[in-house]
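Enquirer: Sharing a structure, written as structure tokens. Questions coming.
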């Protein structure tokens, strides 16, 4: 099957523009772009690298949002920076805390749009699930987020900004004198499993994750970052080369007939084409293994035959299979497989030598579980004609 070119260029990203006061947001700029911005603002060429490093550490290592607090920079330069730039992250609209400790954030970004991010605390880690788009273009039939049409891509600043907002809420920016990176982090892992398809917004996702991985900033290892894709085959090799993080694939079916229905992108890049690309990923990215995500749908993809077919399909790929009990949402066309059926499926996969943990649903009482994220406000906004003519806001 001939793979078509990715459609990242067809999706809208709000361009980076100065705010109403003429200031540019520094959050989301790569190190190179930050240096260029400082040079354009009149910082002497000989000082650009040093000043870039100082500002980078203040923003991403210490969480500072006010230039006046950057005490190793002269007052004169701090004043000039405040005139030219700002340090802006998404605004928390609502914050819900589940009975199990999961936190769901509804975040407002440029243009008044809203996205969701979810923090999941566990004994050995704290994982933040972040979004890469407002809405989604994939229309996966079991996913609540997929019922919301795509509005636009998030900028790199809006993506890494979700991490910064969560660290604000968790009180995790290191204090003066604290070791860096801190021991026993509350936010230790990032998963790109929120709203949107990350590989349809590749450049912004890549730049945001490079910021997250930078050792002089947030400093999260690439092995603690997992990007989840539904199978945008042409971008998988670039992900290995330019990000190098762990990869998860929303697989969910063992035949093209069923996957075409559950994950419509399969009609463009079918199972055989997808698996061919995945076989190269661990070698290219130096990743240990690929995670196959498999949502368990009663009577659809949960038979013993499906389990046997799954292990046969992925043979030779270093992998684990995450079995995900379907998280129901209002109007969902599917039901969750029974506990006995999920265990029987897992037993077959385990017997074939693959780890197959059953994901424990988290945050269901606040609609924060896998596949449940959706911004209700976007649906309401669709009724306003003004959204179609909305001027491009600052990024």
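Enquirer: Residues in region 368-389: is at least one assigned by TED's automatic domain parsing to the domain that holds residue 115, more than 21 Å from residue 134 (Cα to Cα) and either crowded, with 16+ Cβ neighbours inside 10 Å or modelled with pLDDT of 50 or more (or both)?
Expert: For region 368-389, residues assigned by TED's automatic domain parsing to the domain that holds residue 115, more than 21 Å from residue 134 (Cα to Cα) and either crowded, with 16+ Cβ neighbours inside 10 Å or modelled with pLDDT of 50 or more (or both): absent.
Enquirer: Something else about it: Report yes if some residue within region 232-241 is in the same structural domain as residue 125 (by TED's automatic domain parsing), within 30 Å of residue 101 (Cα to Cα) and either in a helix (DSSP H, G or I) or in contact (Cβ under 8 Å) with a residue 60 or more places away in the chain (or both); otherwise report no. Give the derivation first.
Expert: Residues of region 232-241 in the same structural domain as residue 125 (by TED's automatic domain parsing): 232-241.
From what is left, the residues that are within 30 Å of residue 101 (Cα to Cα) are none.
No; the residues of region 232-241 include none that is in the same structural domain as residue 125 (by TED's automatic domain parsing), within 30 Å of residue 101 (Cα to Cα) and either in a helix (DSSP H, G or I) or in contact (Cβ under 8 Å) with a residue 60 or more places away in the chain (or both).
Enquirer: Is one or more of the residues making up region 138-146 crowded, with 22+ Cβ neighbours inside 10 Å and over 20 Å from residue 295 (Cα atoms)?
Expert: Within region 138-146, not a single residue is crowded, with 22+ Cβ neighbours inside 10 Å and over 20 Å from residue 295 (Cα atoms).
Enquirer: Starting from region 20-46, take each residue that is assigned by TED's automatic domain parsing to the domain that holds residue 59 and over 19 Å from residue 214 (Cα atoms) and list its partners that are modelled with pLDDT under 95 and surrounded by 10 or more Cβ atoms within 10 Å (Cβ to Cβ), counting only C-beta distances under 6 angstrom and pairs at least six apart or across chains.
Expert: Between residues of region 20-46 that are assigned by TED's automatic domain parsing to the domain that holds residue 59 and over 19 Å from residue 214 (Cα atoms) and residues that are modelled with pLDDT under 95 and surrounded by 10 or more Cβ atoms within 10 Å (Cβ to Cβ), the close pairs are 24/18.
Enquirer: Also, quick follow-up: Among (1) out of contact with any helix residue (DSSP H, G or I) (no Cβ under 6 Å at 6 or more places or on another chain); (2) closer than 25 Å to residue 174 by Cα; (3) surrounded by 15 or more Cβ atoms within 10 Å (Cβ to Cβ), where does residue 71 come up short?
Expert: Here residue 71 clears every test but (3).
Enquirer: Looking only at residues in region 271-287 that are surrounded by fewer than 14 Cβ atoms within 10 Å (Cβ to Cβ) and either in contact (Cβ under 8 Å) with a residue 40 or more places away in the chain or touching a helix residue (DSSP H, G or I) at 6+ places or on another chain (Cβ under 6 Å) (or both), which one is farthest from residue 253 (Cα to Cα)?
Expert: 286
Enquirer: Count, please, the residues in region 156-192 that happen to be within 12 Å of the chain's Cα centre (by Cα) and surrounded by fewer than 24 Cβ atoms within 10 Å (Cβ to Cβ).
Expert: 3
Enquirer: With the requirement that a residue be surrounded by 16 or more Cβ atoms within 10 Å (Cβ to Cβ), out of contact with any helix residue (DSSP H, G or I) (no Cβ under 6 Å at 6 or more places or on another chain) and in a loop (DSSP other than H, G, I, E, B), what does region 101-134 give you?
Expert: 102, 113, 131
The values are calculated or read from the model by the stated rules, or taken from the named source; none is laboratory data. Keep in mind it's a predicted model, so treat the numbers as computed, not measured. Cβ atoms come from the backbone with ideal geometry, glycine included; neighbour counts cover every protein chain shown.
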